[in-house]
Amino acid sequence: MVVTTDDEHLLTLGNNEDGEPFKCAVVDDSAFMVKNLVRMLESFDAEVIATAENGKEAVALVEEHGDELDFLTLDITMPEMDGLTALEEILKIEPELKVLMVSAMGQEDTVKESVMKGAKHFVVKPFQREDVFNRLEKVLKG
Ligand SMILES: [Mg+2]
């Protein structure tokens, strides 16, 4: 690894059990948040293979790519289908898929419910890069 003072390169998730970069998808109705998370996940050496902007698209994404995915980030407040409903549908398709919920402040009850329903962990917006990295390490080990 190249030692650098550039913060972007200090955090890496390493490889999955197949010895490949972790493959993931990002679901959020905010294009800005998708862009932000994609950039962040790629900086952790994960490979973002798909994105979706609402729960319905997320379910379709998992139907198409579920077997390739190591994890997925899932926003809670979205049009068409919210994150909690999408979580239930996604886990029916891929029960082992590791899901990191992305919540806004004030959504503690929904976050608790999502964890009871099978989400592995959560981050609260606005989050720091280190928060996402630390939660993902837990998600991927658990
Ligand atoms: Mg949202």
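The values are calculated or read from the model by the stated rules, or taken from the named source; none is laboratory data. No experiment lies behind these values; they were computed from the predicted model shown. A quick note on method: Cβ atoms are made from the backbone with ideal geometry, for glycine too, and the neighbour counts reach across all protein chains shown.
Right, residue 73: among the polar types (S, T, N, Q), crowded, with 18+ Cβ neighbours inside 10 Å and under 19 Å from residue 133 (Cβ atoms) or not?
Yes; evaluated as a whole, the condition is true for this residue.
Could you list all residues from region 86-101 that are touching a Gly at 6+ places or on another chain (Cβ under 8 Å) and within 20 Å of residue 125 (Cα to Cα)?
Hits for region 86-101 are 86, 87, 98, 99, 101.
Among the residues of region 46-67, which ones are under 14 Å from the mean Cα position of the chain (by Cα), away from the ligand (no atom under 16 Å from the Cβ) and of a type in the set (D, E, K, R)?
Residue satisfying the conditions is 47 alone.
Give the residue, chosen from 96, 88, 108, 130, that is within 16 Å of residue 55 (Cα to Cα), over 13 Å from the mean Cα position of the chain (by Cα) and of a type in the set (D, E, K, R).
Criteria check complete, one pass: 88.
Quick check on my filter: what residues within region 111-127 are in a helix (DSSP H, G or I) and either within 12 Å of the chain's Cα centre (by Cα) or of a type in the set (A, V, I, L, M) (or both)?
Within region 111-127, 111, 115, 116 meet the criteria.
Which residue pairs have Cβ atoms under 8 Å apart, sit 6 or more places apart or on different chains, and have a first residue in region 92-107 that is closer than 18 Å to residue 60 by Cα and a second that is small (Gly, Ala, Ser) and away from the ligand (no atom under 16 Å from the Cβ)?
93/66; 94/66; 95/118; 97/66; 98/142; 99/118
For region 47-55, check the following and say yes or no: at least one residue is at pLDDT 95 or above, small (Gly, Ala, Ser), within 12 Å of residue 28 (Cβ to Cβ) and not in a strand (DSSP E or B).
yes
What are the residues in region 87-141 that are within 16 Å of residue 23 (Cα to Cα), surrounded by fewer than 16 Cβ atoms within 10 Å (Cβ to Cβ) and not basic (Lys, Arg), if any?
Once the filter is applied, which keeps residues that are within 16 Å of residue 23 (Cα to Cα), surrounded by fewer than 16 Cβ atoms within 10 Å (Cβ to Cβ) and not basic (Lys, Arg), region 87-141 yields 96, 137.
Tally time: how many residues in region 55-70 are touching a helix residue (DSSP H, G or I) at 6+ places or on another chain (Cβ under 8 Å) and surrounded by 18 or more Cβ atoms within 10 Å (Cβ to Cβ)?
6
Looking at 42, 80, which is the one that is within 16 Å of the ligand (Cβ to nearest atom), of a type in the set (Asp, Glu) and surrounded by fewer than 22 Cβ atoms within 10 Å (Cβ to Cβ)? Steps first, please.
Numbers: 42 fails: within 16 Å of the ligand (Cβ to nearest atom).
80 is the lone residue from the list that is within 16 Å of the ligand (Cβ to nearest atom), of a type in the set (Asp, Glu) and surrounded by fewer than 22 Cβ atoms within 10 Å (Cβ to Cβ).
I want to confirm something. Restricting to region 7-31 and keeping residues that are within 16 Å of the ligand (Cβ to nearest atom) and under 19 Å from residue 122 (Cα atoms), which single residue is surrounded by the fewest Cβ atoms within 10 Å (Cβ to Cβ)?
30
If we scan region 61-74, do we find a residue that is among the aromatic types (Phe, Trp, Tyr) and outside any loop (DSSP other than H, G, I, E, B)?
Among the residues of region 61-74, at least one is among the aromatic types (Phe, Trp, Tyr) and outside any loop (DSSP other than H, G, I, E, B), which makes the answer yes.
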